[in-house]
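Read the structure below first, then the notes.
The values are calculated or read from the model by the stated rules, or taken from the named source; none is laboratory data. Quantities reported herein were computed from a predicted structural model and do not represent experimental measurements. All Cβ positions, even for glycine, are placed from backbone atoms using ideal geometry, and neighbour counts span all protein chains on display. Ligands, DNA and RNA are excluded from the accessible area calculation, which covers all protein heavy atoms including side chains. Shrake-Rupley method; radii C 1.70, N 1.55, O 1.52, S 1.80 Å.
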Amino acid sequence: MSFINYATREIQLKIVYYGCGLCGKTTNLQVIHQTIRDEAKGSLTSLATSQDRTLFFDFMPLTAEAVRGFKTRFQMYTVPGQVMYNMTRRLVLRGADGVVFVVDSQWDKMQQNLESFANLEENLRLQGDSLDKIPYILQYNKRDLPAVAPAKYLEFVFNNRGGVRRPSVSAVAPRGEGVFESLNLVARLVLNRFVKQHGGKENADQQFQLA
Amino acid sequence: MAFVLVPKDVQRMHIVLNQLLLRADAQGCMVCDFSGHVLTEVGFDCHDPMLISALGAGVFAASRELARLLGENEFSSVIHQGEKRSLFICAVNNDILLVTVFSNSASVGLVKLYARPAVAELRALFAGIQERGDSRPSNEQSFVLNDPKEWFGSPVDASAP
């Protein structure tokens, strides 16, 4: 749920990185944190196990000059990918305005990717939302590894809901490839929906067309 | 759906929070929502309110699930007690939380005592805000997006020294 404060001229929106265990969600936030200028970011906080696996969530606030006359704050979260932490995923997903679904492109991770995608649909349904309504993009990560599925195959499997195509990005997150593209795409979708919902106008050149 | 706060709402919240701060001898008070957004705060000068809000909302949500596991409807409040500072979190309604940080020279009992009327006032205020809905105030123009290239500025070169 977004939040508009006319007293402080501030808009807050929540973006959640979702996907199976070890698909690269935390790496996305780490790369954004390393590369974005200091004025636009807060500290990156990770609630992780001793093995650096996300236990509760990673969190980082980002500030953007996205809406004229307002400071736009994006609250960036990751969920824990491991199957057993589903209750935690539900808590973190609450009130999300947009989702980046990170797919591990390796063949042997397909089952886990599919389970995580189904889990996202189910958890959205439980909070009265759905993938038809919420802005989301797909990030096909780990494209540099040897045994990866072709992008066309991933598009067919994950980007074919009801014949509607969502934006998708190929990524190698540790090298930063596709990370900012994903951030910009999801931010555009979220803000375009926000502006539409609140009676604003999108300029044609700012409007993001779905693929 | 969005929470829309106008200056009058924020002024009223500041009055309630400042009163609680004074009466309970607390160091900082914050109103946040269950998604982790900070709605307003007073006194958090040397702490990051956004991080406290994100973690506080997470802690409270987790404690609710624990309550359900134990057959309780909910734990209405959560207290974290430290050596120098403590934290008190309680629900205002199903969407909003009140977070209070106080030093251990203040009493937990006083914080809990004065948090109760503060919660009642905030609950009434938010009932009005939710009833009003998320429409734009009449004196405000509609939102206009800036050029996306300017949103996050240019990323810095991570490899640069």
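For region A:1-55, the solvent-accessible area with a 1.4 angstrom probe is 37 square angstrom per residue. Among the listed pairs A:Lys41/B:Lys84; A:Lys41/A:Lys133; A:Lys25/A:Lys109; A:Lys41/A:Lys71; A:Lys142/A:Lys196; A:Lys71/B:Lys8, a Cα-Cα separation exceeding 24 Å is found for A:Lys41/B:Lys84; A:Lys41/A:Lys133; A:Lys142/A:Lys196. Annotation: per residue accessible area for region A:57-211 equals 42 Å², rounded to a whole number [probe 1.4 Å, protein chains only].
Per-residue mean of foreign Cβ neighbours for B:30-42 is 5 (Cβ atoms of other chains, 10 Å radius). When B:Leu145, B:Leu110 are compared by accessible area at a 1.4 angstrom probe, the order from most to least is B:Leu110, B:Leu145. Kirkwood radius, chain A, all distinct C-alpha pairs, inverse of mean reciprocal distance: 17.4 Å.
With the simple spin-label model, which puts each label point 7 Å out from Cα in the Cβ direction, the B:Asn73 to B:Ser142 separation comes to 4.3 nm.
Taking the Cα atoms only, what angle lies between the long axis of helix B:49-69 and the longest principal axis of chain B, rounded to 10 degrees? Rounded to the nearest ten degrees, it is 50.
When +1 charges are put on Lys and Arg Cβ atoms and -1 charges on Asp and Glu Cβ atoms, the dipole computed for region B:7-137 relative to its Cα centre reaches about 260 debye. Taking the Cα centre of region B:70-161 as origin and assigning +1 to Lys and Arg Cβ atoms and -1 to Asp and Glu Cβ atoms, the resulting dipole is close to 420 debye. Report D for chain B in µm² per second (integer): Stokes-Einstein, Kirkwood Rh on Cα pairs, 37 °C, 0.692 mPa s. After rounding, the answer is 187 µm²/s.
Ligands, DNA and RNA left out, the accessible area of region B:7-137 computed with a 1.4 Å probe is 52% carbon and sulfur. Counting only DSSP beta bridges with both residues in the protein assembly as shown, the antiparallel share comes to about 60 percent.
When the charge dipole of chain A is built from unit charges on Cβ atoms (+1 for Lys and Arg, -1 for Asp and Glu) and taken about the Cα centre, the candidate among A:Asn28, A:Ser43, A:Ala151 whose Cα reaches farthest toward its positive end is A:Ser43. Summing both sides, the accessible surface hidden between B and A at a 1.4 Å probe radius is close to 4500 Å².
A DSSP coil position with no more than 10 other Cβ atoms inside 10 Å describes the following trypsin sites (Lys or Arg not before Pro) in region B:70-127: B:Lys84.
Carbon and sulfur together cover what percent of the accessible area of chain A at a 1.4 Å probe radius?
51
Here the label points at B:Lys149 and A:Phe156, each 7 Å from Cα along the C-beta direction, are separated by 3.9 nm in the simple model. Here the mean projected area of the convex hull built on the C-alpha positions of the protein assembly as shown is 19.9 nm². Rounded to the nearest 20, the size of the Cβ-charge dipole of the protein assembly as shown about its Cα centre is 420 debye, with Lys and Arg at +1 and Asp and Glu at -1.
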